[in-house]
Amino acid sequence: MSLFRKFFGAGNDSSDEEKQSEFNTQQAHLSAPADEKFTFNFKKNGGKFLYCEDLSEVKDHFEHILEENDWFESEAACFEPKLYSMLDENKLVYKNSTNPKFLLASCENLIADEGSILFSSNQIKQNKPNDLPVNMVILATTSQILESKSDGLRAIKKKYDKDYPTNITTIKYFEKAKEEDFLQYGSSAKNLYLLLLEDL
């Protein structure tokens with residue numbers, strides 16, 4: 001028996017069991033498929049995840065998000081013409097908006113091992129994450145889930161071939177850290193909703 005256990009008693013057995021259980025959960029998580037791994041890590045990072053089977057569910061969930069946050073008839077930021085119709089349907093101002101309540105965007109890929117979202121200039125122009133609204137609504141598909149950031153960069157290279165986008169970045173933290181965490185230093189936490197459309 002260790003010296004510490006003699007002094008403080010063997011009351012730590014339950015915490016050892018908890019640590020072992022947590023270790024087993026993490027081990028199982030490492031061998032999980034990419035979609036399960038992404039969901040686990042994304043939620044752990046504080047993201048809000050809404051699964052959609054079809055486009056009508058995407059629109060329904062989007063309206064619920066607007067209602068929940070009282071964003072109807074407010075300003076939004078959006079840099080992708082293909083998403084303008086969703087904003088128009090809900091009477092949201094997005095052209096020349098000066099004080100947007102949220103950003104509506106798609107993304108390049110979803111990174112499973114970090115639970116992060118990979119963006120490029122195609123979604124956020126030349127804005128740094130700190131320059132974007134705190135609230136974000138992101139549309140993505142299940143086929144965009146990739147294992148690692150390097151897989152995401154390879155996919156971008158393959159997808160764009162010659163017209164390679166700039167400003168490639170990830171957003172990983174979706175809630176403020178409860179304690180000072182040096183890993184989050186310099187990154188801005190976003191209140192992020194992910195509308196994930198099944199396309200596989």
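The values are calculated or read from the model by the stated rules, or taken from the named source; none is laboratory data. Note that the structure is predicted; figures quoted are calculated from it, not measured. Quick reminder, even Gly has a Cβ in these numbers, built from the backbone with ideal geometry, and neighbours come from all protein chains shown.
A few comments on the model shown:
- Hits in the range 144-178 - residues which are assigned to a helix (DSSP H, G or I) and within 20 Å of Leu104 (Cβ to Cβ): Gln144
- Residue in the range 146-159 that is within 21 Å of Asn191 (Cα to Cα), hydrophobic (A, V, I, L, M, F, W, C) and surrounded by fewer than 17 Cβ atoms within 10 Å (Cβ to Cβ) present: no
- Candidates in the range 122-143 are the residues that are buried (at least 17 other Cβ atoms within 10 Å of the Cβ) and in a helix (DSSP H, G or I); of these, the one that is nearest to the chain's Cα centre (by Cα) is Pro129.
- Any hit, the range 77-84, residues being modelled with pLDDT of 90 or more, over 25 Å from Lys149 (Cβ atoms), surrounded by 11 or more Cβ atoms within 10 Å (Cβ to Cβ) and among the hydroxyl-bearing types (Ser, Thr, Tyr): yes
- Residue within the range 81-93 that is touching a strand residue (DSSP E or B) at 6+ places or on another chain (Cβ under 6 Å) and not in a helix (DSSP H, G or I) present: yes
- Here is the figure for the range 49-76: residues that are surrounded by 17 or more Cβ atoms within 10 Å (Cβ to Cβ) and over 19 Å from the mean Cα position of the chain (by Cα) total 3.
- All of Phe174, Phe119, Phe102 fail the test of being surrounded by 21 or more Cβ atoms within 10 Å (Cβ to Cβ), modelled with pLDDT of 95 or more, aromatic (Phe, Trp, Tyr) and within 14 Å of the chain's Cα centre (by Cα), apart from Phe119.
- Filtered by the rule that a residue be in a helix (DSSP H, G or I) and either more than 14 Å from Leu192 (Cα to Cα) or modelled with pLDDT under 95 (or both), the range 44-63 gives Lys44, Leu55, Ser56, Glu57, Val58, Lys59, Asp60, Glu63.
- Filter result for Gln144 (touching a strand residue (DSSP E or B) at 6+ places or on another chain (Cβ under 6 Å) and polar (S, T, N, Q)): yes
- The range 105-116, subset among the small types (Gly, Ala, Ser) and part of a loop (DSSP other than H, G, I, E, B), residue surrounded by the most Cβ atoms within 10 Å (Cβ to Cβ): Ala112
- Residue tally, condition in contact (Cβ under 8 Å) with a residue 60 or more places away in the chain and in contact with a Cys (Cβ under 8 Å, 6 or more places away or on another chain), over the range 140-156: 0
- Close pairs from the range 120-132: first in contact (Cβ under 8 Å) with a residue 40 or more places away in the chain, partner of a type in the set (A, V, I, L, M, F, W, C) and part of a loop (DSSP other than H, G, I, E, B), Cβ under 7 Å, at least 6 apart: Ser120/Ile168; Gln123/Phe79; Gln123/Cys107; Ile124/Phe79; Ile124/Leu132; Lys125/Phe79
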